[in-house]
Amino acid sequence: MLRSRQFKADFATCDGVEALYSQIKATEPVEAIAINTDVGGDFARETNLQDELNLINLNVVSSVHLAKRVVKDMVERGKGRILFTSSIAALMPEPFEAVYAASKAFVHSFTEGLRNELKDTGVTVTSLMPEPTDTNFFHRAGMDDTRAGASKKDDPAEIAKQGFEALMAGKDSIIAGAVMTKIQGNVSKVLPDNIAAE
């Protein structure tokens, strides 16, 4: 049976990730874990360097850090499931979210590489790539007036359901959301980067 636990820490810091891992180790073995981090903003005009470095620490460094700890335990047991939340932004350059999209591209690439490394271990790794979702993300990031922030967004319950089903099925990745999201994601795979960025 899957159980969820809540724990609050600053996952942009090494101490925060280690504190979470200590909580994990103090309980029963983790059968499945969703690693989901998110922040964003306009690189040239709206964010400062520390914000961008914090974004990279949160989206990239903490994801790798936590995975490093949890994966070893799963491999030793010969079973486990990991869901990384990437983004449809991982498939194309994203003006005004350049660092965010690049960080999510890292997460998606990392997921795919890790999945291949673990293919004979009993541990599956899945990349969840949603379109903008109706959460507090855009407001917290100060992006309410951006195209993505003002656009219609996917239902977070539906994204979670699709991600959970992909995780339990052991899929390598899923472009989650409405039909148009899936079409956009698949089209972006064949467009040249400069056209996708426009």
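The values are calculated or read from the model by the stated rules, or taken from the named source; none is laboratory data. Just so it is clear, the structure is predicted and the values come from calculations on it, not from any experiment. We place every Cβ from the backbone using ideal geometry, glycine too, and count neighbours over all the protein chains shown. To get the accessible areas, we keep the full protein, side chains included, count just its heavy atoms, and leave off ligands, DNA and RNA. Shrake-Rupley method; radii C 1.70, N 1.55, O 1.52, S 1.80 Å.
Assorted remarks:
- Taken together, the residues in the range 62-78 that are assigned to a helix (DSSP H, G or I), touching a residue at least 40 places away in the same chain (Cβ under 8 Å) and farther than 16 Å from A9 by Cα amount to 9.
- Subset of the range 104-133 [charged (D, E, K, R) and open to solvent by 40 Å² or more (accessible area, probe 1.4 Å)]: E112, R115, E117, K119, D120, E131
- In a residue-by-residue description of the range 52-71, the property of being open to solvent by 40 Å² or more (accessible area, probe 1.4 Å), over 20 Å from the mean Cα position of the chain (by Cα) and either among the polar types (S, T, N, Q) or at pLDDT 90 or above (or both) applies to no position.
- The residues of the range 164-198 that are assigned to a helix (DSSP H, G or I) and at pLDDT 90 or above, listed by number, are F164, E165, A166, L167, M168, A169.
- For the range 79-104, filtering for residues that are out of contact with any Leu (no Cβ under 8 Å at 6 or more places or on another chain) and in a helix (DSSP H, G or I) leaves 8.
- Selection from the range 72-102 of residues that are open to solvent by less than 40 Å² (accessible area, probe 1.4 Å) and farther than 22 Å from A176 by Cβ: D73, M74, G78, V99
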